[in-house]
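The values are calculated or read from the model by the stated rules, or taken from the named source; none is laboratory data. Since the model is a prediction, treat every value here as computed from it, not as a measurement. Here Cβ is always computed from backbone atoms with ideal geometry, including for glycine, and neighbour counts include all displayed protein chains. SASA here: full protein model, heavy atoms, side chains in, ligands and nucleic acids out. Shrake-Rupley method; radii C 1.70, N 1.55, O 1.52, S 1.80 Å.
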Amino acid sequence: MAERSVEEFLKECQHSGDAAYAALRSILQRLEDPKTRVQARIFLSELQKRFPSKEARDQCFDSYHFRIEDVFLDQYEGYQGRKKLTMMVIPSIFIPEDWSFTFYEGLNRHPDSIFKDKTVSELGCGNGWISIAIAEKWLPSKVYGLDINPRAVKISWINLYLNALDEKGQPIYDEEKKTLLDRVEFHESDLLSYCRDHDIQLERIVGCIPQILNPNPDAMSKMITENASEEFLYSLSNYCALQGFVEDQFGLGLIARAVEEGITVIKPMGIMIFNMGGRPGQGVCKRLFERRGFFVNKLWQTKILQAADTDISALVEIEKNSPHRFEFFMGLSGDQPICARTAWAYGKAGGRISHALSVYSCQLRQPNQVRRIFEFLKNGFQEISSSLDLSFEDDAVADEKIPFLAYLTSSLKENYFCTYEPPAGSKQFRSFIAAFMKTYHRIPLSADNVVVFPSRTVAIENALRLFSPRLAIVDEHLTRHLPRQWLTSLELESNGTDNTPEDVLTVIEAPRQSDLMIELIRKLKPQVVVTGMSQFEAVTSAAFVHLLEITREIGSRLFLDISDQFELSSLPGSNGVLKYIAGTPLPSHAAIVCGLVKNKVYSDLEVAFVISEEEAMFKALSKTVELLEENTALISQSYYGCLFHELLAFQLADRHPPAKRECEKAKSAEMIGFASSALSVLNNAELSITQAGNSSLIHMDVDQSFLPVPSSVKAAIFECFARQNMAESEIDVTPSIKQFINSNYGFPIDSRTEFIYGDSSLALFNKLVLCCIQEGGTFCFPAGSNGNYVSAAKFLKANIVKIPTNSEDGFKLTEKTLSGVLETLHNPWVYISGPTINPTGLLYSNKEIEDILSVCAKVGARVIIDTSFSGLEFNFQDWSGWDLVGSLSKLNSSKNTSFSVSLLGGLSLKMLTGALKFGFLVLNQPGLIDAFHSFPGLSKPHSTIRYAVKKLLGLREQKSGDLWEAIGEQIRNLESRSKRLQETLKNCGWDVLESHAGISMVAKPSAYLNKIAKLENSYKDDGGNIENATTYEVKIDDLNIRDVIYKVTGLCINSSSWTGIPGYCRFNIALEESEFEGALNCIFKIKSLINN
């Protein structure tokens, strides 16, 4: 271009900044066109020569609204490449200054290999000089310079051409025969949106972006276009808007968003490097990265003067409203920090203020898992991201917790916690345990050799109740949580003949040392032995073999605890017990007990498992879990399941699997079997159907909701594990429970009231049954009670009386029938399910419960009101809830001091928490409180669960918001399902009792009674193939109809044996949508098959 053209260009630029930008944009168009590119570059050279000195360049900036100057690179230590870059700037973009030069100094402290052949992105690239410098020095495969300012992007492209072509417009090639045009691109982008939208995976992300909130927040809401004012576009370089992150309070919200966006696009070994002003304090800056799962390394730190054109009044405002103090310094030499308010005043008075400037390099600890966590948070859970804390001083803690949080996000996303799992424990978790034993200890186990318990104590207590031995010897380290009565009984004289009372169980404490234990076994001849092993004896199998031999010899059952020696590690230590059973089948009289407590994060989070190679033992122990505990908390199983999975995930498939083996039969004196009373209950109790390998069963036979978990519950579950260092007040649920029971039931509370929490309401109920037995009481169940509760009381050997109910009253308790029964009993205990009655789904009114309690008070009965199935009322005309304060205050003033009312409850149904189980018990009677605590082996909710429950109770009390709306939606869903199931059953010949609340309803199969059904018996060979199928006929009654429906359709319901109401079966309606539809189809199918 001729000289005249330069003059014309300058004349055009002189009008305004916008005019100068338009003229420069036309040059860029010529640079982009290969035909005019050379001449355009020569023109820029002429333009630069026009202003040779600094004074001339400054005058150009003032007069013509642009400047072309050189940025010198040879001052940086070790630099071998081009000495300078030629860069253009305009008023509406960030001008290179100390801030960006310090950032480049920090980048230079990395080894040369950090950017070589890598895909790099620079956030807030301004005029593009750092992106171009990176490409020039380190030869990355591609650099994406990104900026939200559209003018900055255009000028960056001009600067790229200025440095990719020489003054004559010819390409400048590097050592790989590429030009900067091959390596660098610039794009308009809000942080990393361009890379995300174009699915670009990055290996390096660098950023030098604003870290002060705009003092005029409304200004940041304007549309960003290249036609916006210069002042607004320039402000984008100095200020940021609120981003919705906790770091907003420090002006670091934009950095926080950049980091989280970076997590989604950075490759697993990628590195992020950010320039961080030290105004919020170095600790705050580092924590921004660390709590998001990064290792942090400070590359470089210096002090720079606070930019005169940046208003720090927003920081002064933050200090006014929070205890935080920002860090400034008086001048560059000052070493004592001053707060933002002081710095603002000093600056206004003409003083120069400075602040630290650091360059941080950070790399994700476990990138794939952290990415999954942030993907989960982005999908509707952003509000809990402030609770996330992935900063760990101990790498072992990080290696455990981060994978679990990632696993938890997947489970919550897929509604894993809303699926049926057998009482023996999650099939996946038991398979992990078996696989770990097979892989690391060469023990050929399967999931059907493993039973999961809430704790080691529960496993031991259930085993002892299963056998009810006259005498048991238990390791002194394992007796602390056993019932006090067992440890004080002295029933040792009996010789085991038939006149020995089965309910007398004596436990003798014994030392752990094997020779002393063996001597006691030989002398006392116990029926059951429970012991651990000392560390020095556990290294070899000798002590274990001796214990096996002596217990086999006398016909005793042996439960060996290996909790102290069991290691969840890829390099587990030597374990003599596991070495032995790797080569020899576990004898049928022996089982292994292991409590899992050795995690790195939660010292009080426990799950236990029992290993037995005897099928009868596996089945019996599994049933005790369902009867006494309901199940083991699925989230606890998931935590340890994740640890097992991490230890198995990198293992290759076993090329030399151990051979399958048969369980060795005991060759001994006659071995003690299951107690006859326990065996009778287990055989007759109608527990959930758990056919091995059949995942197609539809479970309407369990007290569990399979409805979707609301997002607010998922958020609380995730947050309770994501948090660290929770305060005691954050996990103290008692104030929230007090408010809950007062607002829902009007239950009176005073200074004597004690609140007790358990993993399930069933576990708490069973402790009350033991209190009843200890007092010599009689437990009274209305006909039409929860069948599992009745069976549990029988298993615990309670004296039980059934209170008649009739259909005219909806199978509710009435004053007349209750009074008639209680008058004949000494020390009665009365169980009442209410306000919602399980399983009928009817409701007790406030007047009805007052009348019932009045009858109980007259005879001094102890009353247990079970609210576990309440809170989901949908058809409640003429029912206005309960308010028990007035009636109970009158009744408690009666002379009969033995009268008491205990409130039992659970939150999983009414709070829609799915697998998040939480039971509570409210006791008001001091004697009963003491009795309850004499049975200490209660599995209690972990601190994380208490945190989540407290949070959800707070949300529920607000009676608005997502949780409240979700509860309302579920109630409407249950009402609709109740009507649909009622209609379907009636159409298929059932007599239905209309349900008003809860998740259950009952119906009588009138049309099917005495009909003949043809069923098929089939047997599977080892390969799973059906062989020897035979058919047989049964006459249907109200007891066997359950078996008929299950075998014909795969639908599982409860018969009248479970409901306690002659003729009536129970159906759970809280199923996953497709399963509910499947259940309706099964009901039609059974009608069709039987009628034909």
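Worth pointing out:
- Out of Tyr420, Tyr440, sole residue that is within 30 Å of Glu615 (Cβ to Cβ), open to solvent by 50 Å² or more (accessible area, probe 1.4 Å) and in contact with a Ser or Thr (Cβ under 9 Å, 6 or more places away or on another chain): Tyr420
- The set of residues in the range 824-865 being more than 41 Å from the chain's Cα centre (by Cα), β-branched (Val, Ile, Thr) and either open to solvent by less than 30 Å² (accessible area, probe 1.4 Å) or within 18 Å of Gly1060 (Cβ to Cβ) (or both) consists of Ile852, Val855.
- Among the residues listed as Arg430, Arg371, Arg442, the single one being within 30 Å of Glu626 (Cα to Cα) and modelled with pLDDT of 90 or more: Arg430
- The selection criterion, being assigned to a helix (DSSP H, G or I), under 22 Å from Glu247 (Cβ atoms) and within 40 Å of the chain's Cα centre (by Cα), does not hold for Ala343.
- Members of the range 17-62 found to be farther than 26 Å from Leu181 by Cα, out of contact with any Asp or Glu (no Cβ under 8 Å at 6 or more places or on another chain) and open to solvent by less than 40 Å² (accessible area, probe 1.4 Å), listed by number: Phe51, Ala56, Cys60, Phe61
- Single match in Ala406, Ala434, Ala396 (criterion: within 30 Å of Asp703 (Cβ to Cβ) and aliphatic (A, V, I, L, M)): Ala434
- Only one of the listed residues (Phe289, Phe294, Phe328) is more than 20 Å from Leu364 (Cα to Cα), of a type outside the set (Ser, Thr, Tyr) and crowded, with 23+ Cβ neighbours inside 10 Å. That residue is Phe328.
- So Arg257, is it touching an Asp or Glu at 6+ places or on another chain (Cβ under 6 Å), within 20 Å of Ser391 (Cα to Cα) and at pLDDT 90 or above: no
- Applying the condition of being among the acidic types (Asp, Glu) and assigned to a helix (DSSP H, G or I) to the range 189-232 and asking which residue is modelled with the lowest pLDDT yields Asp218.
- Residue match in the range 1066-1077 (condition: part of a loop (DSSP other than H, G, I, E, B), of a type in the set (D, E, K, R) and closer than 24 Å to Leu974 by Cβ): yes
- Where a residue in the range 733-754 is touching a residue at least 40 places away in the same chain (Cβ under 8 Å) and its partner, wherever it lies, is among the acidic types (Asp, Glu), with Cβ under 9 Å and at least six apart: Ser736/Glu957; Gln739/Glu957; Phe740/Glu957; Ser743/Glu957; Tyr745/Asp883; Gly746/Asp883
- Residue in the range 754-761 that is closer than 14 Å to Leu923 by Cα, open to solvent by 30 Å² or more (accessible area, probe 1.4 Å) and either of a type in the set (D, E, K, R) or in a helix (DSSP H, G or I) (or both) present: yes
- In the set (1) without any contact (Cβ under 8 Å) to a residue 40 or more places away in the chain; (2) part of a helix (DSSP H, G or I); (3) under 30 Å from Leu952 (Cβ atoms); (4) in contact with a Lys or Arg (Cβ under 8 Å, 6 or more places away or on another chain), the condition left unmet by Val397 is number (1).
- Residue-level check: of (1) at pLDDT below 95; (2) touching a Cys at 6+ places or on another chain (Cβ under 9 Å); (3) open to solvent by 10 Å² or more (accessible area, probe 1.4 Å), Ile148 misses just (2).
- Among the residues making up the range 782-812, those that are without any contact (Cβ under 8 Å) to a residue 60 or more places away in the chain and in a loop (DSSP other than H, G, I, E, B) are Ala798, Pro804, Asn806, Lys812.
- Cβ-Cβ distances below 8 Å connect the following pairs, each with a first residue in the range 256-279 that is over 19 Å from Leu242 (Cα atoms) and open to solvent by 10 Å² or more (accessible area, probe 1.4 Å), a second residue that is of a type in the set (Lys, Arg) and in a strand (DSSP E or B), and a separation of six or more residues or different chains: Ile271/Arg204.
- Those helices (runs of 4 or more DSSP H) lying entirely in the range 121-188 with at least 2 residues in contact with an Asp or Glu (Cβ under 7 Å, 6 or more places away or on another chain): 129-138, 150-164
- Residues of the range 452-488 that are in contact with a strand residue (DSSP E or B) (Cβ under 6 Å, 6 or more places away or on another chain) and open to solvent by 30 Å² or more (accessible area, probe 1.4 Å): Arg456, Glu476, Leu487.
- Test for Tyr21: is it hydroxyl-bearing (Ser, Thr, Tyr), touching a residue at least 60 places away in the same chain (Cβ under 8 Å) and over 24 Å from Arg82 (Cβ atoms): yes
- Within the range 1043-1075, the only residue that satisfies the criterion of being open to solvent by 40 Å² or more (accessible area, probe 1.4 Å), small (Gly, Ala, Ser) and either under 16 Å from Asn788 (Cβ atoms) or touching a Phe, Trp or Tyr at 6+ places or on another chain (Cβ under 7 Å) (or both) is Ser1057.
The rows are residues; the columns are (1) out of contact with any Leu (no Cβ under 7 Å at 6 or more places or on another chain); (2) aromatic (Phe, Trp, Tyr).
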{"site": "Val709", "(1), (2)": "no, no"}
{"site": "Ala727", "(1), (2)": "yes, no"}
{"site": "Asn744", "(1), (2)": "yes, no"}
{"site": "Phe755", "(1), (2)": "yes, yes"}
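- Unique match (being modelled with pLDDT of 95 or more and out of contact with any Gly (no Cβ under 6 Å at 6 or more places or on another chain)) among Phe566, Phe609: Phe609
- Only one of Leu916, Leu904 that is assigned to a loop (DSSP other than H, G, I, E, B), touching a residue at least 60 places away in the same chain (Cβ under 8 Å) and under 30 Å from Phe718 (Cβ atoms): Leu916
Listed here are the residues, each with its yes/no results for (1) at pLDDT 95 or above; (2) hydroxyl-bearing (Ser, Thr, Tyr).
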{"site": "Arg723", "(1), (2)": "no, no"}
{"site": "Glu728", "(1), (2)": "no, no"}
{"site": "Phe740", "(1), (2)": "no, no"}
{"site": "Ser743", "(1), (2)": "no, yes"}
{"site": "Pro748", "(1), (2)": "no, no"}
{"site": "Ser760", "(1), (2)": "no, yes"}
{"site": "Phe765", "(1), (2)": "yes, no"}
